[in-house]
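For reference, the structure is listed below as structure tokens.
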Amino acid sequence: MGKPTGFLETSRELPQKRDVSQRIRDYKEVEGPVDETITRKQSGRCMDCGTPFCHQGCPLGNNIPEFNDAAYQGNWKLAYEILVSTNNFPEFTGRICPAPCEASCVLAINKPAVSIEYIEKSIIEKAFENGYVLPKIPATRTDKKIAVIGSGPAGLAAAAQLNYAGHHVTVFERADEVGGLLRYGIPDFKLDKAILARRIKLMEEEGIAFKTNADVGVTISVRQLRDDFDAILLCGGATIPRDLPIPGRNLKGIHFAMDFLTQQNRRVSNKQPVKIEPVEIEPVEIIATEKNVIVLGGGDTGSDCVGTSNRHGSRSVTQIELLSKPPAERNHAMPWPNWPMILRTSSSHEEGCERHWSIVTKEFLGDDAGNLKALKVIEVEWNKPNDGKLPFLNEVPGSEKIIPCELVLLALGFLHPQQEGLLKQLGVEFDERGNVKCNCYLTSVEGIFSAGDMRRGQSLVVWAISEGREAARAVDEFLMGESSLEAKEKGILNLV
């Protein structure tokens with residue numbers, strides 16, 4: 001593939017990010033435009049490895065060596081055609097995917113992996129630049145109408161696939177704009193919303209209808225939906241955040257991370273922020289300016305809160321994680337090609353942040369006016385028993401301390417989708433985790449399907465796209481008895 005000796009001659013390289021002193025003053029993407037020279041050199045590092053484990057690592061089953069070879073040759077049209085045969089939105093995954101494919105790269109056994117994510121981004125941007133990305137309008141239409149509920153990555157992928165099959169697709173979104181997590185969750189400095197708007201415009205040209213401010217079960221009746229459509233696909237996501245019900249939770253200054261990020265995305269779009277109204281607290285806008293900020297949770301959402309707080313001009317940002325600090329490199333417990341739980345430093349961390357691990361939050365402390373003023377925490381040790389039981393933690397005596405803060409952002413993940421309203425009105429069953437229970441994407445109710453975080457639980461954008469594609473095929477087979485839509489190779493391991 002590519003250059004036979006490329007992996008021996010060229011080391012891993014990515015374009016320089018914008019300087020920290022500049023980028024924290026705006027919400028433009030941290031990375032600049034793609035560099036074709038770097039992309040072609042990096043794609044030339046792809047090995048003729050015989051068994052490309054990157055296929056196994058990618059939830060979409062992307063044909064990675066093939067598009068790497070085309071990119072190395074400078075054949076951007078062929079590279080684009082190969083890439084979009086399995087991935088509807090490489091402009092998203094090329095920016096915000098943690099790249100499990102790279103963790104499974106054969107070269108990564110003893111060298112830095114091929115920069116697959118950046119190559120994806122380069123291919124799709126070159127395709128848009130060269131005019132290869134055109135509306136894919138079906139030659140014929142069926143008489144089937146499908147309602148997709150939710151316009152996040154799963155809903156968009158499903159809508160695109162069902163539209164390609166010739167069905168009439170309407171996507172319902174309860175927010176004022178399409179995109180779900182892509183629109184009001186991920187910060188603009190990671191995903192410029194012009195990139196999302198470009199894709200939505202293309203999908204509209206392909207014949208997909210989008211209805212915003214459409215809260216099915218509230219502003220639109222479930223009965224009307226069932227009467228008007230032949231099938232319903234639920235892609236609403238996992239939207240109920242995990243809370244921290246400890247003493248002081250009702251103090252002013254404690255908010256869910258997604259509320260904070262959503263408000264900022266609206267500001268960047270010159271929209272009035274949606275005001276959050278916690279129990280017994282007046283509606284407020286969440287601002288980090290000149291505050292000591294603590295982010296509870298060490299995942300991607302927590303990292304996004306760090307970057308946003310830095311751009312607000314916070315006095316300090318501290319990120320706290322309950323789990324132990326992960327190792328810098330793979331160890332025997334996470335052998336290649338499995339996804340390694342190693343220490344990862346995001347562009348937001350590079351901009352300024354204190355990080356602490358193995359910390360339990362005991363209490364929120366406030367002043368007489370009910371404002372948050374500090375966090376009481378204690379260090380813990382994780383212990384793994386020899387009998388195969390789950391690890392447990394012990395508090396470290398004498399390690400309790402007080403951390404001053406005026407703003408705490410809870411980035412503790414999500415429990416399950418919102419069950420009240422639409423889901424209960426439809427009568428679908430839930431699994432033991434509170435997600436929509438499915439058999440091959442079909443819920444317990446005939447003609448109603450589900451995909452993405454709503455079915456799978458909180459996961460990655462790339463998994464949501466994969467779920468949407470697979471669910472679309474299931475819906476197509478249900479309506480037509482068969483499907484010509486692409487299917488992911490069976491037997492792909494879930495490594496993330």
Restricted to Cα positions, what overall size does the range 244-410 have along the principal axes? Three whole-Å values, descending. 51, 36, 25
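Which entries in K28/K211; K201/K271; K28/K111; K28/K401 show an alpha-carbon gap greater than 30 Å?
Those over the limit are K28/K111; K28/K401.
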Can you tell me the relative contact order of the range 244-410? Whole percent, Cα pairs under 8 Å, sequence separation 6 or more. 27 percent
Rg and Dmax of the range 139-198, Cα atoms, in Å? 13.0, 42
Rh (Kirkwood, all Cα-Cα pairs) for the range 6-129, Å, reads 14.7 Å
Pairs of alpha-carbon atoms within less than 8 angstrom and 6+ residues apart define the contacts here; what relative contact order does the chain have, in percent? 17 percent
Report the Stokes-Einstein translational diffusion coefficient (µm² s⁻¹, integer) for the range 210-333, Rh taken as the Kirkwood radius over Cα pairs, at 25 °C with viscosity 0.890 mPa s. 138 µm²/s
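When the Kirkwood hydrodynamic radius is evaluated over all pairs of different C-alpha atoms of the range 368-496, what value in angstrom, to one decimal, is obtained?
Numbers: mean 1/r = 0.0525 Å⁻¹.
Hydrodynamic radius (Kirkwood, Cα pairs) of the range 368-496 is 19.0 Å.
In terms of the Cα gyration tensor, with a ≥ b ≥ c the square roots of its eigenvalues, is the range 79-207 rounded because a/c is under 1.5, prolate because a/b exceeds b/c, or oblate?
prolate
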How much of the calculated P(r) for the range 172-254 lies past 14 Å, in percent of all Cα pairs? 75 percent
Per-peptide average of other Cβ atoms within 10 Å, ordering 83-89, 324-330, 22-28, 355-361 highest first: 83-89, 355-361, 22-28, 324-330
Expressed in angstrom and ordered largest first, the alpha-carbon extents of the chain along the principal axes are 68, 63, 53
Given 339-351, 3-15, 166-178, the highest-first ranking by average Cβ count within 10 Å works out to 166-178, 339-351, 3-15
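Restricting to DSSP H runs of at least four residues, report the calculated mean residue ellipticity at 222 nm for the chain, -39500 (n - 2.57) per run over all residues, nearest 500 deg cm²/dmol. Display every interim value, and only then the final one.
On the way: 19 runs with 158 residues, N = 496.
So the helix-based figure for the chain works out to -8500 deg cm²/dmol.
Can you name the helices of the chain, as whole DSSP H runs, whose Cα span along the helix axis is 27 Å or more and whose Kyte-Doolittle mean is not below 0.0?
Once both thresholds are applied, what remains is 461-480.
Here, each number is a calculation from the coordinates, and none is a lab measurement. Here the structure is a predicted model, which means the values were calculated and not measured. Positions of Cβ are generated from backbone atoms using ideal geometry, with glycine treated the same way; all protein chains shown enter the neighbour counts.
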